[in-house]
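The values are calculated or read from the model by the stated rules, or taken from the named source; none is laboratory data. Since the model is a prediction, treat every value here as computed from it, not as a measurement. Methodologically, a virtual Cβ is constructed for each residue, glycine included, from the backbone with ideal geometry; neighbour enumeration extends over all protein chains shown. Accessible surface is based on the protein model in full, side chains and every heavy atom, while ligands, DNA and RNA are left aside. Shrake-Rupley method; radii C 1.70, N 1.55, O 1.52, S 1.80 Å.
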Amino acid sequence: MPHVPHGLAMQLQAYDPARAAEPLPPVSPEEWERRAREVLADGPFGYVAGGAGAEDTMRANRAAFARRSLVPRMLRDVSRRDLGVELLGHRLPAPVVLAPIGVLGILHAEGELAPARAAAAEGVPFVLSTVSSVPMEQVAAAMDGVRAGAPRWFQLYPARSRDVMASLVARAERAGYTAVVVTLDTTMLGWRETDLRNRYLPFLQGQGLANYLSDPAFRALLPVPPEQDPRAAVQAFLGTYVHPGFSWDDLAFVRASTRLPLLLKGILHPDDARRALDAGVDGVIVSNHGGRQVDGAIGALDALPAVVEAVGTRAPVLMDSGIRRGADVLKALALGARAVGFGRPYAYALAAAGEAGVRHALRCLLADLDLALGLCGQASVADVDASLLA
Ligand SMILES: Cc1cc2nc3c(=O)[nH]c(=O)nc-3n(C[C@H](O)[C@H](O)[C@H](O)COP(=O)(O)O)c2cc1C
Ligand SMILES: CC(C)CC(=O)C(=O)O
């Protein structure tokens, strides 16, 4: 298993006088966001940075972390620390995955290949979006090029066509993805004022359709191949992607279509979590999609404890929406998350500095987590519980 960067090692690198002349890459998510702002046009930058409506929920995500405090414990031997966690039968080097982010081709020429390779290098699972700019098989091959069998999950968006869903999942299985994440909260696009103002929706320009356009079941729905009529293909994509009718019945179909572990992303209510487990899913991800869907929705960290209580020991609960630093990861773990999704910050690092940027942003997060864990008097993330919070 890859070795997680030691916080101290990252510090020594930064403080090393012999390297003082080298430019220092950003160490904070805010700095990456500023760099991304410098290199991106308004449309793509706003697409990543924006949220739904007045962005109250986006702020609520961060406020939920700020409202909680860690209470560090002293005089415990933390000279050997372990960030590793067990998840879905695999041992991960840290309780972190790269959250699925679609259309990364609007941020960097290499699109998903760059963060996928960065994640592979660190042994952190990369969750590939349905709406990626690069077909899932190419992403898998790029990850295997870095580290054979590098952990990867496939995120599935509901589709009106069950054939398309089944085909995408079967391809993911063949390409070595080891879990399927069904995202429930985006069967329609939220009211995103920044994008409306910028008149920016990348899918309409055919971006992010690589998995669909390369899919035999999707192609079978088209009267002519997408190469002959790209506009009709975009319309067909929108026609199958937008699916407010998606229900527990459809979920049962997805469940039956694969033997891979299934995670549901976008769960916020404990009753939905319970029902998900009854429907045979293997884990839930508490998320409000980074505040991009329902403005006014509960902050994701605020929703976590009730979901954790409902799920109990039946399955792992993950969370995303607002994770920026090591302390955020600790707070989520303290409230019962097994692992967290790292989202926007890696997208900004990708825009500003490609694969190296994503890798550095990830290493900074893990270094920060390693130090925060030890300085809180905890030797292992597996031992973190609510007693760490005020
Ligand atoms: C630009 C962008 C695109 C996203 N695309 C997807 C996607 O394709 N599938 C998905 O499940 N979630 C998607 N998400 C949501 C993320 O997986 C995650 O829930 C969110 O980024 C968490 O919020 P945070 O980045 O502010 O921490 C996207 C988020 C952003 C910012
Ligand atoms: C709307 C989706 C296709 C992409 C997404 O999840 C997002 O933009 O948040």
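Only residues that are in contact with a strand residue (DSSP E or B) (Cβ under 7 Å, 6 or more places away or on another chain) and either of a type in the set (S, T, N, Q) or away from ligand 1 (no atom under 13 Å from the Cβ) (or both): list them for the stretch 140-161, please.
Scanning the stretch 140-161 gives 140, 143, 151, 152, 155.
Could you list all residues from the stretch 97-120 that are within 21 Å of residue 41 (Cβ to Cβ), open to solvent by less than 10 Å² (accessible area, probe 1.4 Å) and within 10 Å of ligand 1 (Cβ to nearest atom)?
Hits for the stretch 97-120 are 103, 104.
It is to be established whether one or more residues within the stretch 324-336 are assigned to a strand (DSSP E or B) and over 21 Å from residue 25 (Cα atoms).
Here is the first cut: in the stretch 324-336, the residues assigned to a strand (DSSP E or B) are none.
No: zero hits.
Are any of the residues in the stretch 244-263 open to solvent by 20 Å² or more (accessible area, probe 1.4 Å) and either within 14 Å of ligand 1 (Cβ to nearest atom) or β-branched (Val, Ile, Thr) (or both)?
Checked the stretch 244-263: at least one residue is open to solvent by 20 Å² or more (accessible area, probe 1.4 Å) and either within 14 Å of ligand 1 (Cβ to nearest atom) or β-branched (Val, Ile, Thr) (or both).
Keeping to the stretch 37-62, report how many residues are within 20 Å of the chain's Cα centre (by Cα) and either open to solvent by 60 Å² or more (accessible area, probe 1.4 Å) or more than 16 Å from ligand 2 (Cβ to nearest atom) (or both).
Number of matching residues: 3.
Quick one: is residue 181 part of a helix (DSSP H, G or I), of a type in the set (Val, Ile, Thr) and in contact with a strand residue (DSSP E or B) (Cβ under 7 Å, 6 or more places away or on another chain)?
Here the answer is no, as residue 181 does not meet what is asked.
Determine if the stretch 151-165 includes at least one residue that is assigned to a helix (DSSP H, G or I) and open to solvent by less than 30 Å² (accessible area, probe 1.4 Å).
Yes: the stretch 151-165 contains one or more residues that are assigned to a helix (DSSP H, G or I) and open to solvent by less than 30 Å² (accessible area, probe 1.4 Å).
Answer yes or no: is there a residue in the stretch 300-309 that is at pLDDT 95 or above, open to solvent by less than 60 Å² (accessible area, probe 1.4 Å), touching a Leu at 6+ places or on another chain (Cβ under 8 Å) and part of a strand (DSSP E or B).
Let us first name the residues in the stretch 300-309 that are at pLDDT 95 or above, namely 300-309.
Imposing the further condition that a residue be open to solvent by less than 60 Å² (accessible area, probe 1.4 Å) reduces the set to 300-308.
Next, from what is left, pick out any that are touching a Leu at 6+ places or on another chain (Cβ under 8 Å): 300-301, 303-305, 307-308.
Pick out the ones that are also part of a strand (DSSP E or B) and you get none.
Within the stretch 300-309 (the criterion being at pLDDT 95 or above, open to solvent by less than 60 Å² (accessible area, probe 1.4 Å), touching a Leu at 6+ places or on another chain (Cβ under 8 Å) and part of a strand (DSSP E or B)), the answer is no, since none of the residues qualifies.
Restricting to the stretch 185-205, name every residue that is within 12 Å of ligand 2 (Cβ to nearest atom), buried (at least 17 other Cβ atoms within 10 Å of the Cβ) and not in a loop (DSSP other than H, G, I, E, B).
Once the filter is applied, which keeps residues that are within 12 Å of ligand 2 (Cβ to nearest atom), buried (at least 17 other Cβ atoms within 10 Å of the Cβ) and not in a loop (DSSP other than H, G, I, E, B), the stretch 185-205 yields 194, 195, 202, 203.
Looking at (1) buried (at least 19 other Cβ atoms within 10 Å of the Cβ); (2) more than 20 Å from the chain's Cα centre (by Cα); (3) on the phi > 0 side of the Ramachandran plot, can you tell me which one residue 280 breaks?
Exception for residue 280: condition (1).
Go through the stretch 118-161 and count every residue that is of a type in the set (A, V, I, L, M, F, W, C), more than 18 Å from residue 96 (Cα to Cα) and free of Cβ contacts under 8 Å to residues at least 40 places away in the same chain.
Step one: list which residues in the stretch 118-161 are of a type in the set (A, V, I, L, M, F, W, C), which gives 118-121, 124, 126-128, 131, 134, 136, 139-143, 146, 148, 150, 153-154, 156, 159.
Next, only the ones that are more than 18 Å from residue 96 (Cα to Cα) stay: 131, 134, 136, 139-142, 146, 148, 156, 159.
Adding the requirement that they be free of Cβ contacts under 8 Å to residues at least 40 places away in the same chain leaves 139-142, 146, 148.
Final tally of qualifying residues: 6.
Quick one: what pairs do we get from the stretch 1-25, first residue at pLDDT below 90, second among the aliphatic types (A, V, I, L, M) and in a loop (DSSP other than H, G, I, E, B), C-beta under 9 Å, 6+ apart or different chains?
That search, which allows pairs on different chains as well, returns 2/124; 4/83; 4/94.
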